[in-house]
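> Questions regarding the structure given below will be posed in turn.
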Amino acid sequence: MTPSEPDSVKTRSILTNLSRLAVYDTGIPNRAAASSEVLVLWPSVLADHRIYDAQVADLREHHRLILIDGPGHGASGPSSGRFSMEQCADALSQVLDTLQIVKPVVVIGTSWGGLVAGEFALKHPGRTRAVVMLNTPVFKTRARWRDSFVSWGARWLKFTNRYVQGVADAYFMPETRKRESAFMEGFRKHIRGVSGAALSRAVRSVLLEREDLASRLNSIAAPTLFVAGTHDSMYPVDDLRHAAAQLTRGRFIELPTAHLSVVDAPSETTQAIDSFLTELQLTSSFSSPGAKA
């Protein structure tokens, strides 16, 4: 989905505690029913809302989707300084206030977005219908040298093919990089096109200064789907499976992907989300701690 898509997607710039955030609203679907949800999607660091194109195409027929570009990414403005994931959760809440959405929402996030989703569920439980955490590094960083380089490179190397290709290699499976040539070109253009200073500030906040979430997952009351990639070289799937077992109403799914499952395995990821949304109508399905798919 792009801002120019002629499918009644409303694009707004909403002022929050972080910055002016670009927000894309698909609106209430024509097929809205009692089972319809409001889905709020926050993407990964170094990416914008377009990583969810496949999910938008399938889910918008039955649900209202709100997509948010993080500060310093996409069409969103830069943050004035470094920020916490809790501040991102507050910004998400402010977006909902501006859009006058009062019903509890399903927060879906990839990597950075998953951290925001978890923090939102902890700080705003009354506004949280459910959580979907995709490829989310819930532990405080264990690779400071690597993440420091990614942050520094976002400021000084983002125009180089080597830096952008290095990010792509870490994020996507080789077959994805070959198959999704148009998407990959847009992905590279996004990194090169945004402000280096703003991008680096956001990357540092997310990769280096994020709070540990793993030790607090058991405090998330909402039903939670946790998806991890078998081939994610940055965040080992076994570590994420162990962390997800702490969720009191959780379900863990492993997909044969690298770090961005929504792009590597779009159909499988969408199916997992859709099944999860269906099961929300039967919340007893999530009564067992660390339930597995």
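Readers should treat all values here as calculations from the given coordinates under stated rules, not as data from a laboratory. This is a predicted model, so every value here is computed, not measured. Cβ sites come from the backbone with ideal geometry, for glycine too, and all protein chains shown count toward neighbours.
> So which residues in the range 97-123 are over 17 Å from His49 (Cα atoms), touching a strand residue (DSSP E or B) at 6+ places or on another chain (Cβ under 8 Å) and part of a helix (DSSP H, G or I), if there are any at all?
Initial filter on the range 97-123 (over 17 Å from His49 (Cα atoms)): 97-105, 118-123.
When the remaining residues are screened for being touching a strand residue (DSSP E or B) at 6+ places or on another chain (Cβ under 8 Å), the result is 98-99, 101, 103-105, 118, 120-121.
Within the range 97-123, Thr98, Gly118, Phe120, Ala121 qualify.
> Out of all the residues in the range 206-230, which are surrounded by 15 or more Cβ atoms within 10 Å (Cβ to Cβ), closer than 19 Å to Val45 by Cα and out of contact with any helix residue (DSSP H, G or I) (no Cβ under 7 Å at 6 or more places or on another chain)?
Glu209
> Tell me which of these Val167 doesn't satisfy, since it passes every other one: (1) in contact with a Leu (Cβ under 7 Å, 6 or more places away or on another chain); (2) surrounded by fewer than 16 Cβ atoms within 10 Å (Cβ to Cβ).
(2)
Let's see how each residue does on (1) surrounded by fewer than 20 Cβ atoms within 10 Å (Cβ to Cβ); (2) without any contact (Cβ under 8 Å) to a residue 24 or more places away in the chain; (3) touching an Asp or Glu at 6+ places or on another chain (Cβ under 6 Å); (4) not hydroxyl-bearing (Ser, Thr, Tyr):
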site: Gln94; (1), (2), (3), (4): yes, no, no, yes
site: Gln100; (1), (2), (3), (4): yes, yes, no, yes
site: Ile108; (1), (2), (3), (4): no, no, no, yes
site: Ala121; (1), (2), (3), (4): no, no, no, yes
site: Val138; (1), (2), (3), (4): no, no, no, yes
site: Ser148; (1), (2), (3), (4): yes, no, no, no
site: Lys158; (1), (2), (3), (4): no, no, no, yes
site: Phe183; (1), (2), (3), (4): yes, no, no, yes
site: Arg188; (1), (2), (3), (4): yes, no, no, yes
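> Okay, moving on. Mind counting the residues in the range 148-173 that are outside any helix (DSSP H, G or I), over 12 Å from Arg188 (Cβ atoms) and more than 19 Å from the chain's Cα centre (by Cα)? Spell out how you get there, then give the answer.
The initial filter retains those residues of the range 148-173 that are outside any helix (DSSP H, G or I), namely 157-160, 172-173.
Applying the additional criterion that residues be over 12 Å from Arg188 (Cβ atoms) yields 157, 173.
Then drop every residue that is not more than 19 Å from the chain's Cα centre (by Cα), which leaves 157.
Total meeting the criteria: 1.
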